[in-house]
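Asker: Below: one structure in structure tokens.
The values are calculated or read from the model by the stated rules, or taken from the named source; none is laboratory data. Note that the structure is predicted; figures quoted are calculated from it, not measured. With ideal geometry, Cβ positions are generated from the backbone for all residues, glycine too; neighbour counts draw on all protein chains shown.
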Amino acid sequence: MHNRKLKSKNIAVVFFVMVLTLLKLQINSISAQSFILGDKIKRAEKNIIWSDKKYDRYYNFGETIAGVIDNKEGKYINLVFLDKTSKKILNTKYVDRDYYYSFTNLGYDFVYVNGLVFVKEDGKYGFVDNTGKEFIKCKYDEIREYKDGLLTVKLGDKWGFVDEKEKEIISPKYDDVDSFFEGYVKVRIGDKYGYIDKNGKVVIDIKYDDIYGFPDDLIVVGKDGKYGCIDKSEKVVIPFIYDNIIGFTTDGLAEVRKDKKIGFINKSGKEVIKIKYDEAKDFSEGLIAVKLGKKWGYVDKKGREVVSPKYDYADDFSEDLAVVKLNKKSGFIDKKGKEIISLKYDDVERFKDGLANVNIDDKWGMIDKTGKLITIPKYDSIVTFYDGMAMVWLNGKRGYIDKSGKEVITPKYDDAGLFSNDVAKVGINKKEGFIDKSGKEVIAIKYDYTDDYIEDYESNYSKGLIFVVKDNKQGLIDISGKVVLDVKYDFISKPIGNTILLQKDGKIGVLTIK
């Protein structure tokens with residue numbers, strides 16, 4: 001079993017392009033079902049199947065478990081697949097040691113998705129199922145992702161696609177491929193691009209310097225250093241006269257660049273917004289912020305300058321108001337350019353739910369849409385509202401305010417997370433726990449580490465359960481503070497399917513949730 005890294009921070013690690021394992025600070029829904037689950041686990045604890053620890057590490061694959069034999073020598077480790085009693089051997093699989101240590105040294109498990117385990121043998125990649133039976137032979141130099149029933153695979157230096165039965169649907173012959181979208185995929189041969197369908201049929205010739213947008217009505221293509229648009233029959237609809245075309249939005253407009261200037265065209269190629277601006281943001285609430293020279297203003301979708309370029313900075317509109325800056329001061333204007341909240345703040349943030357953070361003399365407060373101060377600027381930082389509460393920093397400590405601006409929970413915590421479903425994770429003196437919106441500890445701040453279990457591989461079993469560590473022992477608590485598994489185990493795995501793997505006093509246990 002791997003040792004869980006006891007770090008109170010969010011982790012986002014990409015071990016393989018195909019899988020993102022995220023550990024979030026926020027907690028998902030804590031419905032009545034999560035408490036029922038906790039009761040089920042508590043009842044199941046007395047029926048744990050224990051056995052002697054025979055392997056160096058163990059992994060939970062739901063309906064099965066696996067042990068690793070690692071003699072620290074040679075090229076391979078041996079991955080032994082076992083039934084839930086951990087006594088019956090189902091299959092064994094040799095796995096390259098360098099691959100195994102590339103992720104276990106980081107504290108992560110085997111990549112396990114849709115009942116399949118991603119493995120590497122003799123430098124080649126493939127899959128076995130959760131019994132260790134070969135599913136996709138270890139013969140590929142790279143496997144990028146699984147989507148729409150197809151695996152993206154690399155054989156030698158060429159890319160193609162195979163199905164779940166390892167049948168080559170599109171033989172590896174391309175220098176690069178993208179992901180399938182609506183049954184089509186962008187491919188590259190040499191330095192030329194085109195599109196093929198799921199049967200491998202070429203639908204847009206592989207002859208363009210750049211291409212994107214298929215299967216839309218218009219496809220943006222690059223050729224001989226210029227960009228234009230073609231239709232699905234490859235007829236040129238918009239001539240190759242632009243330095244770049246960013247792509248059409250749902251409004252039927254595309255940003256184009258020519259001679260270092262920016263404008264917008266429609267699908268017939270008509271210039272709707274003149275190609276004269278130096279920068280442009282995205283459309284928001286019908287307007288787009290544009291920069292002319294050193295000044296920012298706003299243009300509508302018909303190309304009319306609603307607000308002439310006069311500001312040092314202009315942000316996207318949010319809730320009918322936009323942040324603008326002039327002479328190092330910030331405020332808000334409406335869609336007619338009227339200053340609704342005067343430019344008197346050192347910094348401001350966008351409105352959300354009728355409130356915006358404002359800064360004066362390096363201190364943050366909060367205003368409503370009339371400009372009324374809801375919270376006077378006194379905090380070092382304010383985080384946007386989540387679940388009706390905003391986190392605030394003051395003198396290195398964290399607390400919370402509500403939407404009326406009232407300081408509901410005094411800044412006293414060394415670490416804190418965002419509220420979700422009426423609770424938040426907090427820490428004091430390197431100890432962690434959870435509080436409710438009144439500041440009451442629902443899970444005592446006494447643990448060395450806590451982590452919610454919401455990011456499960458396959459199931460929703462774990463919602464509302466909190467993994468805790470104290471004095472190097474691990475346990476499980478529900479969000480009401482009720483102990484589900486006593487803090488006495490050396491290791492508790494994430495639930496996979498209806499199975500939790502445990503370790504205690506040199507024994508391995510399998511807990512089945514019924």
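Asker: Of Val80, Val111, which residue is in contact with a Phe, Trp or Tyr (Cβ under 9 Å, 6 or more places away or on another chain) and surrounded by 19 or more Cβ atoms within 10 Å (Cβ to Cβ)?
Answerer: Details: Val111 fails: surrounded by 19 or more Cβ atoms within 10 Å (Cβ to Cβ).
Unique residue meeting the criteria: Val80.
Asker: Any chance you could count how many residues in the stretch 387-401 are surrounded by fewer than 19 Cβ atoms within 10 Å (Cβ to Cβ) and more than 26 Å from the chain's Cα centre (by Cα)? Working first, answer last.
Answerer: Taking the stretch 387-401 and keeping what is surrounded by fewer than 19 Cβ atoms within 10 Å (Cβ to Cβ), we get 387-388, 393-397.
Then drop every residue that is not more than 26 Å from the chain's Cα centre (by Cα), which leaves 394-397.
Looking only at that region, the number is 4.
Asker: Among the residues that make up the stretch 125-136, is at least one of them of a type in the set (S, T, N, Q), in a loop (DSSP other than H, G, I, E, B) and either modelled with pLDDT of 90 or more or closer than 24 Å to Ile196 by Cβ (or both)?
Answerer: The first filter runs over the stretch 125-136 and keeps only residues of a type in the set (S, T, N, Q), leaving 130-131.
Then keep just the ones that are in a loop (DSSP other than H, G, I, E, B); that gives 130-131.
If we keep only those that are either modelled with pLDDT of 90 or more or closer than 24 Å to Ile196 by Cβ (or both) as well, we get 130-131.
Checked against the condition, which is being of a type in the set (S, T, N, Q), in a loop (DSSP other than H, G, I, E, B) and either modelled with pLDDT of 90 or more or closer than 24 Å to Ile196 by Cβ (or both), the stretch 125-136 yields at least one hit.
Asker: Return the residues of the stretch 43-66 that are under 21 Å from Asn130 (Cα atoms) and charged (D, E, K, R); say none if nothing qualifies.
Answerer: Within the stretch 43-66, Lys53, Lys54, Asp56, Arg57, Glu63 qualify.
Asker: May I pose another question? Suppose we filter the stretch 112-124 for residues that are assigned to a loop (DSSP other than H, G, I, E, B) and modelled with pLDDT of 90 or more; how many remain? Steps first, please.
Answerer: The first filter runs over the stretch 112-124 and keeps only residues assigned to a loop (DSSP other than H, G, I, E, B), leaving 114-115, 122-123.
Now restrict to residues that are modelled with pLDDT of 90 or more: 122-123.
Qualifying residue count, the stretch 112-124: 2.
Asker: Follow-up question, since we're still on this one. Any idea which residue in the stretch 184-200 is surrounded by the fewest Cβ atoms within 10 Å (Cβ to Cβ), counting only those that are over 30 Å from the mean Cα position of the chain (by Cα) and under 30 Å from Asp224 (Cβ atoms)? Steps first, answer last, please.
Answerer: Kept after step one, since they are over 30 Å from the mean Cα position of the chain (by Cα), are these residues of the stretch 184-200: 189-192, 199-200.
This time we only want the ones that are under 30 Å from Asp224 (Cβ atoms), so: 189-192, 200.
Details: Ile189: 14, Gly190: 7, Asp191: 9, Lys192: 16, Gly200: 16.
Step by step, filter the stretch 184-200, then rank; the result is Gly190.
Asker: Can you confirm whether the stretch 85-99 contains a residue that is part of a loop (DSSP other than H, G, I, E, B), touching a residue at least 12 places away in the same chain (Cβ under 8 Å) and β-branched (Val, Ile, Thr)?
Answerer: Step one: list which residues in the stretch 85-99 are part of a loop (DSSP other than H, G, I, E, B), which gives 85-88.
Pick out the ones that are also touching a residue at least 12 places away in the same chain (Cβ under 8 Å) and you get 85-87.
Applying the additional criterion that residues be β-branched (Val, Ile, Thr) yields 85.
The answer is yes; a qualifying residue exists.
Asker: Anything in the stretch 137-172 that is assigned to a strand (DSSP E or B), closer than 20 Å to Arg97 by Cα and of a type outside the set (Val, Ile, Thr)? List them, or say none. Step through it out loud before you land on a result.
Answerer: In the first step, residues of the stretch 137-172 are kept if they are assigned to a strand (DSSP E or B); the result is 137-140, 142-147, 150-155, 158-162, 168-172.
From the residues that got through so far, the ones that are closer than 20 Å to Arg97 by Cα too are 137-140, 142-143.
Lys137, Cys138, Lys139, Tyr140, Glu142, listed by residue number.
Asker: OK, next. What strands (runs of 3 or more DSSP E) completely inside the stretch 173-246 contain at least 3 residues that are modelled with pLDDT of 95 or more?
Answerer: Numbers: elements: 184-189, 192-197, 202-208, 210-212, 219-223, 226-230, 236-242.
So the answer is 184-189, 192-197, 202-208, 219-223, 226-230, 236-242.
Asker: For Lys344, are the conditions met, namely being more than 32 Å from the chain's Cα centre (by Cα) and in contact (Cβ under 8 Å) with a residue 40 or more places away in the chain? Give the steps one after another, and end with the answer.
Answerer: On the way: more than 32 Å from the chain's Cα centre (by Cα): yes; in contact (Cβ under 8 Å) with a residue 40 or more places away in the chain: no.
No; evaluated as a whole, the condition is false for this residue.
Asker: Mind listing just one residue for me: the one in the stretch 402-438 that is surrounded by 15 or more Cβ atoms within 10 Å (Cβ to Cβ) and of a type in the set (Gly, Ala, Ser) and, of those, nearest to Ile374 (Cα to Cα)?
Answerer: Looking at the filtered set, the residue picked out is Gly405.
Asker: Could I ask something else about it? Does Ala44 count as part of a strand (DSSP E or B) and of a type in the set (A, V, I, L, M)? If you could, list the steps in order and put the result at the bottom.
Answerer: On the way: part of a strand (DSSP E or B): no; of a type in the set (A, V, I, L, M): yes.
Considered against the rule, which asks whether it is part of a strand (DSSP E or B) and of a type in the set (A, V, I, L, M), Ala44 comes out as no.
Asker: While we're on this one: Restricting the search to the stretch 391-429, which residues are over 22 Å from Ser480 (Cα atoms), of a type in the set (D, E, K, R) and in a loop (DSSP other than H, G, I, E, B)?
Answerer: Within the stretch 391-429, Lys403, Lys406, Asp414 meet the criteria.
Asker: Every residue in the stretch 261-309 that is buried (at least 16 other Cβ atoms within 10 Å of the Cβ) and hydroxyl-bearing (Ser, Thr, Tyr), please.
Answerer: Once the filter is applied, which keeps residues that are buried (at least 16 other Cβ atoms within 10 Å of the Cβ) and hydroxyl-bearing (Ser, Thr, Tyr), the stretch 261-309 yields Tyr277, Tyr298.
Asker: What about Ser29, is it among the hydroxyl-bearing types (Ser, Thr, Tyr), modelled with pLDDT under 90, under 24 Å from Leu476 (Cβ atoms) and not in a helix (DSSP H, G or I)?
Answerer: Working: among the hydroxyl-bearing types (Ser, Thr, Tyr): yes; modelled with pLDDT under 90: yes; under 24 Å from Leu476 (Cβ atoms): yes; not in a helix (DSSP H, G or I): yes.
Yes: the conditions hold for Ser29.
Asker: Residues to consider are Phe181, Phe135, Phe161, Phe127; find the one that is within 30 Å of the chain's Cα centre (by Cα), surrounded by fewer than 14 Cβ atoms within 10 Å (Cβ to Cβ) and of a type in the set (A, V, I, L, M, F, W, C).
Answerer: One residue alone meets the criteria, Phe181.
Asker: Can you pull out the residues in the stretch 83-93 that are over 16 Å from Gln503 (Cα atoms) and either surrounded by 17 or more Cβ atoms within 10 Å (Cβ to Cβ) or of a type in the set (S, T, N, Q) (or both)? Steps first, please.
Answerer: Here is the first cut: in the stretch 83-93, the residues over 16 Å from Gln503 (Cα atoms) are 83, 88-93.
Passing the criteria: Asn91, Thr92, Lys93.
Asker: For the subset of the stretch 244-286 comprising residues that are of a type in the set (Asp, Glu) and touching a Gly at 6+ places or on another chain (Cβ under 8 Å), which member is farthest from Ser318 (Cα to Cα)?
Answerer: The first filter runs over the stretch 244-286 and keeps only residues of a type in the set (Asp, Glu), leaving 251, 255, 259, 271, 278-279, 282, 285.
Next, only the ones that are touching a Gly at 6+ places or on another chain (Cβ under 8 Å) stay: 255, 271, 278.
Values: Glu255: 21, Glu271: 27, Asp278: 23 Å.
In this case the residue turns out to be Glu271.
Asker: If you don't mind, another one. Quick check on this structure: which one of Thr370, Thr384 is surrounded by fewer than 16 Cβ atoms within 10 Å (Cβ to Cβ), among the hydroxyl-bearing types (Ser, Thr, Tyr), closer than 19 Å to Ala424 by Cβ and out of contact with any Gly (no Cβ under 7 Å at 6 or more places or on another chain)? Give the steps one after another, and end with the answer.
Answerer: Numbers: Thr370 fails: closer than 19 Å to Ala424 by Cβ.
Just one listed residue meets the conditions, Thr384.
Asker: Still on this structure, please answer the following. Output yes when any residue across the stretch 344-353 is on the phi > 0 side of the Ramachandran plot, of a type outside the set (A, V, I, L, M), part of a loop (DSSP other than H, G, I, E, B) and buried (at least 16 other Cβ atoms within 10 Å of the Cβ), and no when none is.
Answerer: Going through the stretch 344-353, the residues on the phi > 0 side of the Ramachandran plot turn out to be 353.
Add one more test, that the residue is of a type outside the set (A, V, I, L, M), and what stays is 353.
Applying the additional criterion that residues be part of a loop (DSSP other than H, G, I, E, B) yields 353.
Now drop any that are not buried (at least 16 other Cβ atoms within 10 Å of the Cβ), which leaves none.
Checked the stretch 344-353: no residue is on the phi > 0 side of the Ramachandran plot, of a type outside the set (A, V, I, L, M), part of a loop (DSSP other than H, G, I, E, B) and buried (at least 16 other Cβ atoms within 10 Å of the Cβ).
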